[in-house]
Structure formats: structure tokens, C-alpha cells
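Q: Quick one: structure below, then a few questions.
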Amino acid sequence: MTAKVLVVDDSATMRKIIIRSLNSVGYTDIVEAGDGSEGLLAFQQHAFGLVMTDWNMPNKSGIDLTSDIRATGSSVPIFMVTTEGDKGHVLQAIKAGITDYLVKPFTADALREKLVKFAVV
């Protein structure tokens, strides 16, 4: 893949798992951020073709990060990767502007299906 990917999660272990999954489907140009504030700064400094963010993080949540990215006018695909899988959370994330949702834990195949669905692969 040629698209640069931003992975935002406060858990270094989860970032590694997401990155491994992305590598398995062909993404190699990946930037990591430890929270939504770092993620927004990285987003402002690079051109990304995909953003994957956690929901619950210190300093700035994934929902706030998504809203901030959408406020720039960007239509970059944003995938929320979280344990918050109930209908209310999904609807809130959709209203904020996410492209799709992956509930932890997820498999590389589940990620690949989402990426293909939105023509990110």
C-alpha cells in the first residue's frame, strides 16, 4: 500500500497489534500517536490516507479527534478501533464522522474486510 496510516491509541501494545494487522494487509508507512492530541498534531503535519483511532484516550478522545479532523474538511477514512461496541457508541461515532468501526479484539481478516469495503485497499 502506498497510503500513509495514522494509528492513535494510548496503549502501546494495542498500537503494535493494529500496526501488525495493517502490515499483514500491506500497509508499511505508519505513524503512531499516543493520544488524540498527538494524533491531531501528526495529522496536521502529514498527508494520511487512513486514520485508525481508539475511542477512550487521555487528553483528546477518538471522537474529539475525529471531529477535529472532519472540521478541517478532510474526508480521509477514519476507523474507530475500540471496546465501545454498543449501539449508542456506534451512533455517536458515526455522527462524529467515522468511516467505520472495529470492536477490539479484531482479526486482520476483519480489518481487511473493512478496508476493502471502503476501497482503502
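The values are calculated or read from the model by the stated rules, or taken from the named source; none is laboratory data. Model, not experiment: these values are computed from the prediction. As a convention, Cβ positions derive from the backbone with ideal geometry for all residues, glycine included, and neighbour counts pool all protein chains shown.
Q: Please name all residue pairs, on different chains or six or more residues apart, with Cβ atoms under 7 Å, provided the first residue is in segment 86-101 and is more than 14 Å from Leu50 (Cβ to Cβ) and assigned to a helix (DSSP H, G or I) and the second residue is aromatic (Phe, Trp, Tyr) and at pLDDT below 90.
A: If the second residue must be aromatic (Phe, Trp, Tyr) and at pLDDT below 90, the pairs left are Val90/Tyr101; Ala93/Tyr101.
Q: Hey, another quick one. Return the only residue of Ala108, Ala42 being over 16 Å from Ala12 (Cα atoms) and in contact with a strand residue (DSSP E or B) (Cβ under 7 Å, 6 or more places away or on another chain).
A: Ala42
Q: Just name the residue that is surrounded by the fewest Cβ atoms within 10 Å (Cβ to Cβ) out of those in segment 18-44 that are of a type in the set (Val, Ile, Thr) and touching a residue at least 40 places away in the same chain (Cβ under 8 Å).
A: Residue satisfying both the conditions and the ranking: Val25.
Q: Any chance you could count how many residues in segment 1-15 are β-branched (Val, Ile, Thr) and assigned to a strand (DSSP E or B)?
A: 3
Q: Looking only at segment 103-117, which residues are under 16 Å from Leu6 (Cβ atoms) and part of a loop (DSSP other than H, G, I, E, B)?
A: none
Q: When segment 69-105 is examined, which residues are found to be within 18 Å of Ser24 (Cα to Cα) and either buried (at least 18 other Cβ atoms within 10 Å of the Cβ) or among the basic types (Lys, Arg) (or both)?
A: Phe79, Val81, Leu102, Lys104 - these are the residues of segment 69-105 that are within 18 Å of Ser24 (Cα to Cα) and either buried (at least 18 other Cβ atoms within 10 Å of the Cβ) or among the basic types (Lys, Arg) (or both).
Q: Name the strands (runs of 3 or more DSSP E) wholly within segment 16-84 that hold at least 1 residues that are under 14 Å from Phe106 (Cβ atoms), among the aliphatic types (A, V, I, L, M) and under 13 Å from the mean Cα position of the chain (by Cα)?
A: 50-53, 78-82
Q: Could you figure out which of (1) surrounded by fewer than 19 Cβ atoms within 10 Å (Cβ to Cβ); (2) in contact with a strand residue (DSSP E or B) (Cβ under 8 Å, 6 or more places away or on another chain) isn't true of Val8?
A: In the conditions (1) surrounded by fewer than 19 Cβ atoms within 10 Å (Cβ to Cβ); (2) in contact with a strand residue (DSSP E or B) (Cβ under 8 Å, 6 or more places away or on another chain), Val8 misses (1) alone.
Condition check ((1) closer than 21 Å to Ala3 by Cα; (2) touching a helix residue (DSSP H, G or I) at 6+ places or on another chain (Cβ under 9 Å); (3) at pLDDT below 95) across all residues:
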{"position": "Ile17", "(1), (2), (3)": "yes, no, yes"}
{"position": "Arg20", "(1), (2), (3)": "yes, yes, yes"}
{"position": "Glu32", "(1), (2), (3)": "yes, yes, no"}
{"position": "Val51", "(1), (2), (3)": "yes, yes, no"}
{"position": "Asn56", "(1), (2), (3)": "no, yes, yes"}
{"position": "Thr66", "(1), (2), (3)": "yes, yes, no"}
{"position": "Thr83", "(1), (2), (3)": "no, no, yes"}
{"position": "Tyr101", "(1), (2), (3)": "yes, yes, yes"}
{"position": "Ala119", "(1), (2), (3)": "yes, no, yes"}
